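As structure tokens, the structure follows; a few thoughts come after it.
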């Protein structure tokens, strides 16, 4: 790992901690309703919508509200795509999206996945992008925030039947957290050169041939795309496009935006449970896994491709390119910024890319895949990363309780059979979706038809696609031709159940914990804030989260690496 890569990682981490700590305190104030003037505005909005702010919901009612809310979002996005040709703000006259692609895209943006099987600038009109996709960028991120807040309330409350009001929580997360932050970031991006207009596409005369430059309201969507860990690009090239990500400063700002709210929620967690050390222990595990991934990705890409040296492309004495593997990377960013971005975007459930992951070396491309397969808990998505890590924390204390022969408890709440059943469902649903979906794709003609690179890399492309969909990331090994009825339906199913198949058990855990009495701390209570617990939680994430995928990784990137370096 080069000095430049280490320096960039250090600067990124320092700025992230400096920004996320105060934001974590602000999130607590907003979600607990401590800001008086926001409460007055919120009360007016809720009365307008017929929502009673003084009523609490049990976990079943809370889950049903979120499911219905997001199902309506699917219908809205689907309808906008199917009627696009007749909508305003479509200066290019782009046609209606096909039913299977519209279905996939609607599920994708509602589940915070933002998988895109199409070219954005050639498929979506401005109104569809703004009213459909950008709106869901806000609402899907808000859904993740309210779920983790509900889970934290389960730890904080005792002998309670309610875990909050879903409509009030969604309002607060959207209006007072996501919207202000997006406004600030959008202005910064515009200042750096990101496009923001409603102009028709421009035909210009370049040096070699005429060229069409796509326009649009990019900065506004780019801001929430990053802050909400959504990832869907306005342009097909995503954050590698200079109109989305024009400078080194905008690149750094986008990476920070991806991790900002997930990191801040860790500090919010510590503050809400009344012990800041709990938040620091969780963020320590996340940072350990993140730094390991960033180091591995940069290291593998710096090695380069030995087959180029064998062809005489590189005349150096070493079996690698002097500058490393620059295939698929923007020369504006280089290997250091590209590999760090790839690690950040897949450690979080974002999926935005500033380089082509499909062009990474086999093990370099395996790092983003592993980040997702860990359950998107290395900071993870907005809300989803923290509640995923807390699920692993519950499992960790259960395992520790078995080893020492004591009833497991976490943050004063006894962990019993119901909680462990829900934990098992939340952890196992995504591996089942990934591995079953991959098996279906490689064993059917329709699945194999999308492979452009036969052999281990083709298998990796399919495995990456299902991993990305089920873990609600959205990035891709783009060599797979996935905009087909088969993949549009298969990936949509993986995205929906990968999202709500985890959210429902998490809310069930929240409801079960909130109804329990708080246990007093005794000398026999295992502390959950020191180095021992950090190590235990780290081991649980690696052993339980990753071991499910080891055989499939061996068939894909590991075999490809051995073939490349034979």
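The values are calculated or read from the model by the stated rules, or taken from the named source; none is laboratory data. Computed from a prediction, not measured in an experiment: that's the story for all the values here. All Cβ positions, glycine included, derive from the backbone under ideal geometry; neighbour counts span all protein chains shown.
Would you be able to say whether some residue in the range 483-495 is surrounded by fewer than 24 Cβ atoms within 10 Å (Cβ to Cβ) and part of a loop (DSSP other than H, G, I, E, B)?
Yes.
Exactly one condition in (1) without any contact (Cβ under 8 Å) to a residue 24 or more places away in the chain; (2) over 30 Å from residue 528 (Cα atoms) is false for residue 465; which is it?
Among (1) without any contact (Cβ under 8 Å) to a residue 24 or more places away in the chain; (2) over 30 Å from residue 528 (Cα atoms), residue 465 violates only (1).
Which numbered condition trips up residue 459, out of (1) surrounded by fewer than 24 Cβ atoms within 10 Å (Cβ to Cβ); (2) in a helix (DSSP H, G or I); (3) out of contact with any helix residue (DSSP H, G or I) (no Cβ under 6 Å at 6 or more places or on another chain)?
(3)
Looking at (1) free of Cβ contacts under 8 Å to residues at least 24 places away in the same chain; (2) part of a loop (DSSP other than H, G, I, E, B), which one does residue 230 not meet, given that it meets all the others?
Single failed check for residue 230: (1).
Tell me, which residue of the range 49-64 that is assigned to a helix (DSSP H, G or I) and within 13 Å of residue 147 (Cβ to Cβ) is farthest from the chain's Cα centre (by Cα)?
59
Picking from 78, 118, which residue would you name as being at pLDDT below 95 and either surrounded by 14 or more Cβ atoms within 10 Å (Cβ to Cβ) or in a helix (DSSP H, G or I) (or both)?
Values: 78 fails: at pLDDT below 95.
After ruling out the rest, the residue left standing is 118.
Quick test for you: out of 204, 156, pick the one residue that is over 25 Å from the mean Cα position of the chain (by Cα) and free of Cβ contacts under 8 Å to residues at least 12 places away in the same chain.
Working: 156 fails: free of Cβ contacts under 8 Å to residues at least 12 places away in the same chain.
Just one listed residue meets the conditions, 204.
Going by the structure shown, is residue 408 over 14 Å from the mean Cα position of the chain (by Cα), at pLDDT below 95 and more than 28 Å from residue 270 (Cβ to Cβ)?
Answer is no for this residue.
So which residues in the range 133-175 are touching a strand residue (DSSP E or B) at 6+ places or on another chain (Cβ under 9 Å) and crowded, with 21+ Cβ neighbours inside 10 Å, if there are any at all?
Those that are touching a strand residue (DSSP E or B) at 6+ places or on another chain (Cβ under 9 Å) and crowded, with 21+ Cβ neighbours inside 10 Å: 134, 154, 155.
If you take the residues in the range 233-247 that are out of contact with any helix residue (DSSP H, G or I) (no Cβ under 7 Å at 6 or more places or on another chain) and either free of Cβ contacts under 8 Å to residues at least 40 places away in the same chain or part of a loop (DSSP other than H, G, I, E, B) (or both), which one is farthest from residue 474 (Cα to Cα)?
242
So residue 474 fits all but one of (1) assigned to a helix (DSSP H, G or I); (2) at pLDDT below 95; (3) surrounded by 24 or more Cβ atoms within 10 Å (Cβ to Cβ); (4) within 22 Å of the chain's Cα centre (by Cα); what number is the exception?
Failing condition for residue 474: (1).
A quick yes/no check of all residues on (1) modelled with pLDDT of 95 or more; (2) more than 26 Å from residue 159 (Cα to Cα):
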site: 8; (1), (2): no, yes
site: 15; (1), (2): yes, yes
site: 19; (1), (2): yes, yes
site: 41; (1), (2): no, yes
site: 64; (1), (2): yes, no
site: 71; (1), (2): yes, yes
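Looking at residue 8, is it closer than 30 Å to residue 298 by Cβ, touching a helix residue (DSSP H, G or I) at 6+ places or on another chain (Cβ under 9 Å) and surrounded by fewer than 16 Cβ atoms within 10 Å (Cβ to Cβ)? Even if it seems obvious, please write down each step before you answer.
Working: closer than 30 Å to residue 298 by Cβ: yes; touching a helix residue (DSSP H, G or I) at 6+ places or on another chain (Cβ under 9 Å): yes; surrounded by fewer than 16 Cβ atoms within 10 Å (Cβ to Cβ): no.
No; evaluated as a whole, the condition is false for this residue.
Within the range 173-189, identify whether any single residue is at pLDDT below 95, within 26 Å of residue 269 (Cβ to Cβ) and either part of a loop (DSSP other than H, G, I, E, B) or out of contact with any helix residue (DSSP H, G or I) (no Cβ under 7 Å at 6 or more places or on another chain) (or both), and answer yes or no.
Scanning the range 173-189 turns up at least one residue that is at pLDDT below 95, within 26 Å of residue 269 (Cβ to Cβ) and either part of a loop (DSSP other than H, G, I, E, B) or out of contact with any helix residue (DSSP H, G or I) (no Cβ under 7 Å at 6 or more places or on another chain) (or both).
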